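Since the structure comes first, as structure tokens, the remarks are kept for the end.
The values are calculated or read from the model by the stated rules, or taken from the named source; none is laboratory data. Just so it is clear, the model here is predicted, and its values are computed rather than measured. FYI the Cβ positions are ideal-geometry reconstructions off the backbone, even for glycines, and counts take in every protein chain you see. Surface areas here come from the heavy atoms of the whole protein model, side chains and all, with no ligands, DNA or RNA. Shrake-Rupley method; radii C 1.70, N 1.55, O 1.52, S 1.80 Å.
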Amino acid sequence: MDRQAEAARARVLIVDDERPILDTVQILLRGEGFDVATIQNPREALERVDELAPDIVLTDIRMPGVTGLEVLAAMRDYDAEVPVILMTAQ
């Protein structure tokens, strides 16, 4: 992939406490050409958001410690333009 195409790849951050979900969504999105970061601990995701600089966030709603709604609120504070998609298996 050339540098220009690489720079144009959107970075997706996936936050979910279930490893199989992270792995599955990561495989699907990488197959579509996205740059994917996965984090199982939502608190860690919020601590690393500056480093990860996501263009979009996919997060589970129900997680221990920090909920997906809290991730959504924190992302709004970080950058209100970053889309956040809330997911649930419920």
Requested in this report: Tell me which of these ASP23 doesn't satisfy, since it passes every other one: (1) of a type in the set (D, E, K, R); (2) more than 13 Å from the chain's Cα centre (by Cα); (3) under 17 Å from MET87 (Cα atoms).
Outcome: (2)
Query raised in the report: Quick one: is VAL25 among the hydrophobic types (A, V, I, L, M, F, W, C) and touching a Phe, Trp or Tyr at 6+ places or on another chain (Cβ under 7 Å)?
Result: no
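Any idea which residue in segment 1-29 is modelled with the highest pLDDT, counting only those that are among the basic types (Lys, Arg) and either outside any helix (DSSP H, G or I) or farther than 25 Å from ALA74 by Cβ (or both)? Step through it out loud before you land on a result.
We begin by selecting, within segment 1-29, every residue among the basic types (Lys, Arg); these are 3, 9, 11, 19.
Narrowing the set further to residues that are either outside any helix (DSSP H, G or I) or farther than 25 Å from ALA74 by Cβ (or both) leaves 3, 9, 11.
Working: ARG3: 45, ARG9: 85, ARG11: 96.
It comes out as ARG11.
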Report task. Report, ordered by the first and then the second residue, all pairs with beta carbons closer than 8 Å, sequence separation of six or more or different chains, a first member in segment 26-49 that is touching a residue at least 12 places away in the same chain (Cβ under 8 Å) and among the aliphatic types (A, V, I, L, M), and a second member that is outside any helix (DSSP H, G or I) and open to solvent by 30 Å² or more (accessible area, probe 1.4 Å). Result -> VAL36/ARG11; ALA37/ARG11; ILE39/ARG48
**Report entry** Matching entry among VAL57, VAL66 (being of a type in the set (Val, Ile, Thr), crowded, with 16+ Cβ neighbours inside 10 Å and assigned to a loop (DSSP other than H, G, I, E, B))
**Finding:** VAL66
Requested in this report: Confirm whether GLN90 is touching a residue at least 12 places away in the same chain (Cβ under 8 Å) and surrounded by fewer than 13 Cβ atoms within 10 Å (Cβ to Cβ).
Outcome: yes
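Within segment 43-54, track down each residue that is at negative phi and not in a helix (DSSP H, G or I).
First, pick out the residues of segment 43-54 that are at negative phi: 43-52, 54.
Across segment 43-54, the qualifying residues are ARG48, PRO54.
Conditions tested, residue by residue: (1) in a helix (DSSP H, G or I); (2) surrounded by 13 or more Cβ atoms within 10 Å (Cβ to Cβ); (3) over 12 Å from the mean Cα position of the chain (by Cα); (4) of a type in the set (Gly, Ala, Ser).
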position: VAL36; (1), (2), (3), (4): no, yes, no, no
position: GLU70; (1), (2), (3), (4): yes, yes, yes, no
position: ALA74; (1), (2), (3), (4): yes, yes, yes, yes
position: GLU81; (1), (2), (3), (4): no, no, yes, no
position: ILE85; (1), (2), (3), (4): no, no, no, no
Query raised in the report: Taking the condition in contact with a Ser or Thr (Cβ under 9 Å, 6 or more places away or on another chain) and surrounded by fewer than 12 Cβ atoms within 10 Å (Cβ to Cβ), does ARG19 pass?
Result: yes
